[in-house]
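The structure appears right after this line, and notes come after that.
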Amino acid sequence: MKIGLINSLYKPYKRGGAEVVFTNIVKELKKEGHDVFVITISGKPNKTNFFVTIMDNIRIYRFYPKNIFSFIEINSQPLWKRLIWLIIDTFNFHSAGQVKKILKVEKPDLVLSHNIKGLGYLTLRAIKSLKIKNIHTLHDVQLVNPSGLIIKGQEKQNLLCKIFAKVSNKLIDSPSTVVSPSKWLLDFYKEYGFFKKSKEIVIPNPVILESENFIKKFLDEKVTYLFLGQLEKHKGIIFLLGVFEEFAKKNNCQLFIVGSGRLENELKEKYESENWIKFFGYIPANKLGQEIFKQVHFTIVPSLCYENSPSVIYDSYKYGTPVIASAIGGIPELVQEGVNGYLFEPDNKISLLNKLNFSLQAMDKFEKMSENAKIKAKDFDIKNYIYKLLSL
């Protein structure tokens, strides 16, 4: 089958878990013998017309969407510029035209679309106009809130977001099928009237399973916890460190911090004299197993924002690591209390401390929970995911 895959970012560009999921799907489809090509953005302003390169024996179509700056640079831009950029991105006829031209050249049997912010909100209409079957996968709330973030306690959307949601709903219309990794995210969009004519289905994100012989090896008697992700306030890193500072004073434990972000230097400087914390910086996904997860007992996911289906939980289970996580968004759909992890009330210090203390007191159950995590990971095997996807 000839399959086109669309995502605003593709290597070497990435922002988070969505890009990892997208890349893994591309690789697996190619591995299974499908004729695969990718449509994504270019970071070169002089490349406004599409061009094709070959990467890993896959055709990669890129173009620079005409706008005041690149989506790649959006986090460094002031708010007023982002607003202008968003208006152009929402009605970017140039991008839609480029996507349409590529699809006319390739004539795929199926298009799998993912994040379209940066490629333009007319992308799905371009696909529909050619009468090509389209399965669209949701990753966050960016079709309602352009930031892709909704923080606990700030759930009510302002007037601009409400207007934007109505516009994006109208432009996107209803793709053939909509896949959501969590029931929570699908219900969220239903509340705003999205995808009324689409077939809707919940399929958790896929993982490439680790070999059966992966064994943890702890270097000492300390119980090791892990934070893996962006060092940004909405990910709960400041909240976590505030709680762990108290927890570590009374217990034989340590915290690994893996990832980068705007808070990285500030946090390193603040905690440089503490021996219970260790910063590793960014570590590539293919090295996480041997360099990090092998030494870790629990992963902590302290998100303050409504997460869809965090990749860090899938990765943790793959490496037999139970998860202690905020009960927010789609996270409770992945974590079974006392079986493969623990849930706590988001942004609640006492709730997190209770679960941290309980994890220490119940260390006799760790091996069983670790095994349960590996078993749960098998539910997300990418081979089964592709089979379900192509059966829709």
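Tell me, what ³J(HN,Hα) does each residue in region 353-363 have, in order and in whole Hz, if you take phi through Karplus 6.51 cos²θ - 1.76 cosθ + 1.60 with θ = phi - 60° and put x for Gly and Pro?
With coefficients 6.51, -1.76 and 1.60, one gets 4, 4, 6, 5, 4, 5, 4, 6, 5, 10, 4 Hz.
Where nothing but the Cβ of Lys and Arg (+1) and of Asp and Glu (-1) is charged, how large is the charge dipole of region 185-324 around its Cα centre, in debye to the nearest 20? Spell out each step's value before the answer.
Details: 18 positive and 18 negative charges, 60 e Å.
Its charge dipole is roughly 280 debye.
May I ask you to give the percent of accessible area on the chain that is carbon plus sulfur, with a probe radius of 1.4 Å? It would help to have the intermediate numbers written out before the result.
Values: 9360 of 17910 Å².
C and S atoms contribute 52 percent here.
Roughly speaking, what % of Cα-Cα pairs in region 89-208 are separated by over 17 Å, rounded to a whole number?
Working: 4012 of 7140 pairs.
When all Cα pairs of region 89-208 are counted, 56 percent exceed 17 Å.
Could you please report the charge total around ASP347, scoring K, R as +1 and D, E as -1 over all other residues with beta-carbon less than 14 angstrom from its beta-carbon? Before the final figure, lay out each step's value.
Details: positive: LYS152, LYS233, LYS235, LYS349, LYS355; negative: GLU155, GLU307, GLU345.
Once positives and negatives cancel, what remains is +2.
Run the reach check for LYS349 against aspartates and glutamates, Cα to Cα strictly under 14 Å, same-chain hits fewer than 8 apart removed. What comes back?
Answer for LYS349, where 14 Å is the Cα cut-off: GLU245, GLU246, listed by chain and number.
Please work out whether region 203-351 counts as rounded, prolate or oblate from its C-alpha gyration tensor, where a ≥ b ≥ c are the square roots of the eigenvalues and a/c under 1.5 means rounded, while otherwise a/b larger than b/c means prolate and anything else oblate? Each step should come with its number before you reach the end.
Numbers: a/c = 1.39, a/b = 1.14, b/c = 1.22.
Note, shape of region 203-351 comes out rounded.
Ignoring ligands and nucleic acids, what accessible area does PHE366 show with a 1.4 Å probe (Å², nearest 10)?
20 Å²
Along the three principal axes, how long is region 231-287 when you take its alpha carbons, biggest first, rounded to the nearest angstrom?
33, 24, 19
Starting from the alpha-carbon convex hull of region 264-392, give the projected area averaged over all orientations, in nm². Spell out each step's value before the answer.
On the way: hull surface 37.8 nm².
Value for region 264-392: 9.4 nm².
Could you tell me which of ILE41, TRP80, GLY16 has its Cα farthest along the dipole of region 1-129 towards the positive end, charges placed at Cβ (Lys, Arg +1; Asp, Glu -1), taken about the Cα centre?
Toward the positive end, the furthest listed residue is TRP80.
For the chain, what proportion of DSSP beta bridges, expressed in % and rounded to the nearest 5, is antiparallel? Mind dumping the intermediate values first?
On the way: 6 of 52 bridges.
About 10 percent, rounded to the nearest 5.
Students often get this wrong, so check it: of LYS47/LYS81; LYS44/LYS117; LYS44/LYS100; LYS27/LYS268; LYS235/LYS268, which have C-alpha atoms separated by over 24 Å? Each step should come with its number before you reach the end.
Details: LYS47/LYS81 22 Å; LYS44/LYS117 17 Å; LYS44/LYS100 20 Å; LYS27/LYS268 36 Å; LYS235/LYS268 17 Å.
The answer is LYS27/LYS268.
Report the far tail of the P(r) of the chain, meaning the percent of Cα-Cα pairs longer than 34 Å. Mind dumping the intermediate values first?
Values: 23121 of 76636 pairs.
Cα-Cα pairs of the chain separated by over 34 Å account for 30 percent.
For region 147-251, what does the convex hull of the Cα positions come to per residue, in cubic angstrom? Write down the numbers at each step before the final one.
Details: hull volume 17.8 nm³, N = 105.
Looking at region 147-251, the number lands at 170 Å³ per residue.
How large is the charge dipole for region 16-83, taken about the Cα centre, if only the Cβ atoms of Lys, Arg (+1) and Asp, Glu (-1) carry charge, to the nearest 20 debye? Before the final figure, lay out the partial values.
On the way: 10 positive and 6 negative charges, 68 e Å.
The calculation lands at about 320 debye.
Using the heavy atoms of the protein chains and a 1.4 angstrom probe, tell me the accessible area per residue for the chain in square angstrom.
Per-residue value: 46 Å².
Find which of PHE188, PRO332, PHE63 sits farthest along the positive direction of the dipole of the chain, computed with +1 on the beta-carbon of Lys and Arg, -1 on that of Asp and Glu, about the Cα centre.
It is PHE63.
GLU28: accessible area at probe 1.4 Å, nearest 10 Å²?
10 Å²
A 28 angstrom limit on the alpha carbon distance is what I want to check against. Which of LYS217/LYS355; LYS107/LYS183; LYS30/LYS388 exceed it?
Over 28 Å apart, Cα to Cα: LYS107/LYS183.
Between GLU274 and PHE91, how high is the FRET efficiency from 1/(1 + (r/R0)^6) when r is the Cβ-Cβ distance and R₀ = 56 Å? Nearest 0.05. Present the calculation step by step, with values, prior to reporting the outcome.
Working: r = 50 Å, r/R0 = 0.89.
Efficiency, from the Cβ-Cβ distance: 0.65.
Excluding ligands and nucleic acids, what accessible area in Å² is computed for MET1 using a 1.4 Å probe, to the nearest 10?
100 Å²
Counting Lys +1, Arg +1, Asp -1, Glu -1, what net charge surrounds ILE54 among other residues with beta carbon under 13 Å of its beta carbon? Display every interim value, and only then the final one.
On the way: positive: LYS30, ARG59, ARG62; negative: ASP56.
Counting the neighbours of ILE54, the net charge comes to +2.
Quick check: convex hull over the Cα atoms of region 251-328, volume per residue in Å³, rounded to an integer? Each step should come with its number before you reach the end.
On the way: hull volume 9.3 nm³, N = 78.
Normalising the Cα hull of region 251-328 by residue number yields 119 Å³.
Just tell me which aspartates and glutamates come within less than 13 Å, Cα to Cα, of LYS152; anything on the same chain fewer than 8 places away is out.
Filter leaves GLU307, GLU345, ASP347.
Sort the following peptides by mean Cβ neighbour count (other Cβ atoms within 10 Å, averaged over residues), highest first: 68-78, 309-319.
Numbers: 68-78: 13.6, 309-319: 25.7.
So the peptides 68-78, 309-319, ranked by packing, come out 309-319, 68-78.
Grab the other residues whose beta carbon is less than 11 angstrom from that of SER76, score K and R as +1, D and E as -1, and report the net.
Working: positive: LYS81, ARG82, ARG262; negative: GLU73.
Around SER76, the surrounding residues sum to +2.
Counting only helical runs of four or more DSSP H residues, what would the 222 nm mean residue ellipticity of the chain come to if each run contributes -39,500 (n - 2.57) and the total is spread over all its residues?
Values: 13 runs with 142 residues, N = 392.
Mean residue ellipticity, 222 nm, calculated: -11000 deg cm²/dmol.
If the reach is capped at under 20 angstrom between alpha carbons, list the aspartates and glutamates near LYS294, excluding any in the same chain fewer than eight residues apart.
Candidates past the 8-residue exclusion: GLU210, GLU212, ASP220, GLU221, ASP315, ASP364, GLU367, GLU371.
Springs between alpha-carbon pairs under 10 angstrom, Gaussian network model over the chain: which of PHE218, PHE256, PHE50 fluctuates most?
Among PHE218, PHE256, PHE50, the largest mean-square fluctuation in the Gaussian network model of the chain belongs to PHE218.
Using every Cα-Cα pair within region 29-142, state what percent have a distance larger than 19 Å.
Values: 3048 of 6441 pairs.
Of the Cα pairs, 47 percent sit more than 19 Å apart.
The values are calculated or read from the model by the stated rules, or taken from the named source; none is laboratory data. These numbers come from a predicted model, not from an experiment. FYI the Cβ positions are ideal-geometry reconstructions off the backbone, even for glycines, and counts take in every protein chain you see. For the accessible areas, the whole protein counts, side chains as well, though only heavy atoms, and no ligand, DNA or RNA atoms are used. Shrake-Rupley method; radii C 1.70, N 1.55, O 1.52, S 1.80 Å.
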